[in-house]
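The values are calculated or read from the model by the stated rules, or taken from the named source; none is laboratory data. Bear in mind that the values here come from a model prediction, so they are computed numbers and not experimental data. Positions of Cβ are backbone-derived with ideal geometry, glycine not excepted, and every protein chain shown enters the neighbour counts.
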Amino acid sequence: MAKVNKAPTRYKMHVKKGDTIQVISGRDKGKIGEITTVNPKTSQVIVEGVNVRTKHVKPQQEGESGQIVTFEAPIHSSNVMHYSAKEKTVSRVGYTFSEDGRKVRMLKKTGEVID
């Protein structure tokens, strides 16, 4: 019998694109940045200015010179936490309802509404 491939699991993420976060573990611990890309299949995020890698690119055409390209590599979403710029602190995320009845995300420590 052949093994049947299931669809890849999509993980529930506590962060979204555009959120301001602080890295809480790893080589870049303490850095603050904004999320540019979210990948729910691997539960990874790409953060501006965090986990910067360099790649040496060979020349593609004759006469062209090679170059060194820097880019942000993805990090796991469990290594980041929401950051409040006003209070300068990190916090977990809770959910509450706004005055008009919409469900919104808020920081548990400060009560600041994100959405």
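Among what's in the range 30-47 and is over 8 Å from the mean Cα position of the chain (by Cα) and either assigned to a strand (DSSP E or B) or of a type in the set (Gly, Ala, Ser) (or both), pick the residue that is surrounded by the fewest Cβ atoms within 10 Å (Cβ to Cβ). Spell out the reasoning first.
Let us first name the residues in the range 30-47 that are over 8 Å from the mean Cα position of the chain (by Cα), namely 30-33, 39-43.
Now narrow it down to the ones that are either assigned to a strand (DSSP E or B) or of a type in the set (Gly, Ala, Ser) (or both): 30, 32-33, 39, 43.
Working: 30: 9, 32: 16, 33: 21, 39: 14, 43: 16.
Only one residue fits best here, namely 30.
For the range 86-107, enumerate the residues that are over 19 Å from the mean Cα position of the chain (by Cα), exposed (fewer than 13 other Cβ atoms within 10 Å of the Cβ), charged (D, E, K, R) and closer than 28 Å to residue 30 by Cβ.
Matches in the range 86-107: 86 only.
Please go through the range 20-70 and pick out each residue that is more than 25 Å from residue 88 (Cβ to Cβ) and touching a residue at least 24 places away in the same chain (Cβ under 8 Å). Steps first, answer last, please.
From the range 20-70, those more than 25 Å from residue 88 (Cβ to Cβ) are 37, 39-44, 53-70; that's our starting set.
The answer is 37, 39, 40, 41, 42, 43, 44.
Considering the range 1-28 alone, what residues qualify as being among the hydrophobic types (A, V, I, L, M, F, W, C), part of a loop (DSSP other than H, G, I, E, B) and surrounded by 11 or more Cβ atoms within 10 Å (Cβ to Cβ)?
Restricting attention to the range 1-28, the residues satisfying the condition of being among the hydrophobic types (A, V, I, L, M, F, W, C) are 1-2, 4, 7, 13, 15, 21, 23-24.
Filter once more, keeping what is part of a loop (DSSP other than H, G, I, E, B): 1-2, 4, 7, 13, 15, 24.
Result: 13, 15, 24.
Results for (1) closer than 15 Å to residue 82 by Cα; (2) among the basic types (Lys, Arg); (3) at pLDDT 95 or above, shown as yes or no for each residue.
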position: 3; (1), (2), (3): no, yes, no
position: 11; (1), (2), (3): no, no, no
position: 46; (1), (2), (3): yes, no, yes
position: 55; (1), (2), (3): no, yes, yes
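Scan (1) part of a strand (DSSP E or B); (2) touching a Gly at 6+ places or on another chain (Cβ under 7 Å); (3) surrounded by 10 or more Cβ atoms within 10 Å (Cβ to Cβ); (4) not aliphatic (A, V, I, L, M) for the single condition residue 59 breaks and write down its number.
Unmet condition: (1).
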